[in-house]
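Here's the structure we're looking at; comments come further down.
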Amino acid sequence: MSEIDPLTLEILWQRLIAVADQMSTTLARTAFSTTITASNDYGCVLVDADAQCIAHAHRSLPIFNRTMPYTCSIVLERFGRKNIAPGDVFISNDPWQNAGHHPDITVITPFFKNETLVGFAASIAHHADVGGSIDTNRVTDSYEEGLLIPLVRLYQGGALNQTVLDFVAANVRLPTAVIGDIHAQAAANQTGAERCLALLDEYDLPDLRAVSREIHRRSEAAMRTAIGALPDGVYRSQVIVDELDQPLKLVCALEVRGDEIFIDFSGTSPQQPRGGINVTFTFTHGQISYALKATLLPDVPGNDGCYRPIHASAPPGCILNAQRPASCNQRHRIGAHIFGAVLRALAKVLPDRVIAGSGFLVSTRVFTTAAEDGAVEHCYLFSAGGMGANDRSNGISTVQVPALAGAVPVELFEITVPVLTRCREFITDSGGAGRRRGGLAQRMELGLLPGFDGSAIVAVHAAGQHVPPFGLHGGGGGISAEILRDGGALTRAEKVEIASALPLTDSDMTVGFDTAAGGGYGSPLERALEDVQADVRDGLVSLEQAETVYGVILEPGTAKLDRGASEEKRRQLASCG
């Protein structure tokens, strides 16, 4: 088939996306750990024989969609097309060749038709453990961050390389879960390969080249049209990040040149000697691509054609292009700010298309040890901050941006580890004020389950503790994150300035945190009166903030709105500022 008509192309395109979705379903239903089954911290893609992404699953994390094709290209480069055979499966978690930190393990399955390589089915998942230090603030290089799996064959000609799994099992705290999840990834890939080959047979196609070429051509043209609508020029932004001992800066220069975009991060702070917050360029490039795709071309299914007009760079040795052996296991604490830096630059030319700053992920690892037999249980707990508002809508509360992974339900978390969730609630007044309000943050409090004879380590890593998410066009910033510990309720808590591994040794102790919240968009004095009234009624905004920030006076205990007083108050606030 040399040329594909538009109707057939659309059918094939949607069928390929459906195949990727089937991979996703297989992985989610066969995996062992809650990071995959509940948090959906994984990705599944179909890649053509030239290592170009054709389609990804709907629930596939955006950053993973950009890194897996790159890893496939390394498979081709390192092993050679002629040396890749049916039944081969490859595995790696090298941060510089995959998704930027050790817990993300990539599994790649090439598939063949008539002995000819036609594509790859690839999956990546955040694994329950890869060894290394629990307290990543203290690590000084990647060697302390756990097992590194170089790009090797997991299967060769259909035969399992048991030595690889033996190495993995010997270096992790939870071998059953980790090995089970690796097998689940291989099963998901096999599902994708089989379904893709069946689709080729159904349409009598020798390979994926014609379909891939047309998908990429049309997607590239659409992205170039979107970029071409922007005025040429250089648009700059700077984000200050305060994650360890000193402020760091991300300096973004976004240049629109015809129908192409060039983004450079020269001037960004250098990589750091400890703390795991360094970012490899694979992750940086993925964040840049995602921010631009989501803003400029949200309705076209993601594939490599969308990204061909986008060119990104960051100086080697800066914190966004960290060089070996920099520590990088907490790379999302800095990497999440890349999304905001790109959006702040775009806000100058697309004010109605971008969102304000979003509250960042609080990543929590809970390890419990039973006193009687030393049995170790573990669970990840991802807690999202609030999403930034935009010109058309409020920010969504407690949703991860830009990661998009989910939270483990409290009930599942408490079944997995003997830790009680004592509090999980929205934080009133946390969202940035504006014509559109930022999404709210959440507060969590954890303690040992009463009656559990043992102890726990809660490793809490919260981005955005010192620099709150930004507002746009007159909107206020969201609240910053906090980590709290004490011997009782969080109202008496001690604030922990730097994220670290915190102990729980008895049922009276607690560890908790507040996430950051989303920034607001537009002046709060322009917010519709009925929207402020609804926020107060729902407990999202207090009566005090309604009056002092939004200029709206409500009568407590009633649904009555004093419009005259509110308008007068608005005029007073406007004259002050």
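Of all DSSP beta bridges confined to the chain, the antiparallel ones make up roughly 95%. Taking every lysine pair in the chain that is 8 or more places apart or spans two chains, those with Cα atoms closer than 23 Å amount to 4.
Leaving out ligands, DNA and RNA, and with a 1.4 Å probe, what % of the accessible surface on the stretch 218-287 is carbon or sulfur? It would help to have the intermediate numbers written out before the result.
Numbers: 1450 of 2750 Å².
Answer for the stretch 218-287: carbon and sulfur cover 53 percent of the accessible area.
Remind me, relative contact order of the chain in percent, using alpha carbon pairs under 8 angstrom and six or more residues apart?
Working: 1530 pairs, mean separation 68.2, N = 577.
About 12 percent, as a whole number.
The angle between the Cα long axis of helix 209-228 and the longest principal axis of the Cα atoms of the chain comes to about 30 degrees, rounded to the nearest 10.
A helix-only calculation puts the chain at -9500 deg cm²/dmol for mean residue ellipticity at 222 nm, using -39500 (n - 2.57) for each DSSP H run of at least four residues, averaged over all residues. Shown for the stretch 29-155: the carbon plus sulfur share of the solvent-accessible area, taken with all protein chains present and a 1.4 angstrom probe, equals 50%. 3J(HN,Hα) along the stretch 53-60, derived from phi through the Karplus expression 6.51 cos²θ - 1.76 cosθ + 1.60 where θ = phi - 60°, amounts to 5, 9, 7, 9, 5, 4, 8, 6 Hz, with x in place of Gly and Pro. Answer with one residue from A170, T505, V460: the one whose Cα lies farthest towards the positive end of the charge dipole of the chain, charges on Cβ with Lys, Arg +1 and Asp, Glu -1. About the Cα centre, the residue reaching furthest to the positive side is V460.
Full extension from R422 to S455: what is 0.36 nm times the residue separation minus their Cα-Cα distance, to one decimal in nm?
Values: separation 33, 0.36 × 33 = 11.88 nm, distance 1.68 nm.
In short, 10.2 nm is gained.
One decimal place: the segment Q246-A18 gains 77.4 nm when fully extended, by the rule 0.36 nm per residue minus the C-alpha distance.
Sorted on the mean count of surrounding Cβ atoms within 10 Å across their residues, most packed first, peptides 81-92, 162-173 read 81-92, 162-173. For L502, nonlocal amide neighbours, meaning residues 5 or more places apart or on other chains whose placed amide H falls under 5 Å from its own, are V458, A459, V460.
When the square roots of the Cα gyration tensor eigenvalues are ordered a ≥ b ≥ c, the ratio a/c for the stretch 52-203 is 1.5 or more and a/b exceeds b/c, which makes its shape prolate. Here the Karplus curve 6.51 cos²θ - 1.76 cosθ + 1.60, taken at θ = phi - 60°, turns the phi angles of the stretch 261-277 into couplings of 10, 10, 10, 10, 10, 4, x, 6, 4, x, 4, 9, x, 7, x, x, 9 Hz, with x standing for Gly and Pro.
In Å², and per residue, what accessible area does the stretch 109-158 have when probed at 1.4 Å with the other protein chains present? Walk me through the intermediate numbers first.
Numbers: 1800 Å² over 50 residues.
I get 36 Å² per residue for the stretch 109-158.
What is the packing order of peptides 14-20, 279-285, taking the mean over residues of other C-beta atoms within 10 Å and listing the highest first?
Numbers: 14-20: 20.6, 279-285: 26.0.
By packing density, highest mean first, the sequence is 279-285, 14-20.
Here the relative contact order of the stretch 72-200, from alpha carbon pairs under 8 Å that lie six or more residues apart, stands at 27 percent. Here the Karplus relation 6.51 cos²θ - 1.76 cosθ + 1.60, evaluated at θ = phi - 60°, turns the backbone of the stretch 537-549 into coupling constants of 4, 8, x, 8, 10, 7, 4, 5, 5, 4, 7, 7, 9 Hz, with x for every Gly and Pro.
For the chain, the longest principal axis of the Cα atoms and the long axis of helix 563-576 meet at an angle of about 80 degrees.
What FRET efficiency comes out for L412 versus A159 if R0 is 35 angstrom and r is the Cβ-Cβ distance? Round to the nearest 0.05. Don't skip to the answer; put the middle values down first.
Details: r = 36 Å, r/R0 = 1.03.
Computed FRET efficiency for L412 and A159: 0.45.
Axis of helix 62-79 versus longest Cα principal axis of the chain: the two differ by about 30°, to the nearest ten degrees.
How high is the relative contact order of the stretch 16-92, given as a whole-number percent (alpha carbon pairs under 8 Å, six or more residues apart)?
Details: 83 pairs, mean separation 20.8, N = 77.
Result for the stretch 16-92 is 27 percent.
Relative to a virtual label point 7 Å from the Cα of I11 in the Cα→beta-carbon direction, which members of the stretch 200-225 show backbone nitrogen distances below 12 Å? Those under the cut-off are 202-204. Compared with the direct C-alpha span, the chain from D204 to F262 gains 16.8 nm at full extension, assuming 0.36 nm per residue.
The values are calculated or read from the model by the stated rules, or taken from the named source; none is laboratory data. Bear in mind that the values here come from a model prediction, so they are computed numbers and not experimental data. For neighbour counting, all protein chains shown are included, and Cβ atoms are generated from backbone atoms with ideal geometry for every residue, glycine included. Accessible surface areas use protein heavy atoms only, side chains included; no ligands, DNA or RNA. Shrake-Rupley method; radii C 1.70, N 1.55, O 1.52, S 1.80 Å.
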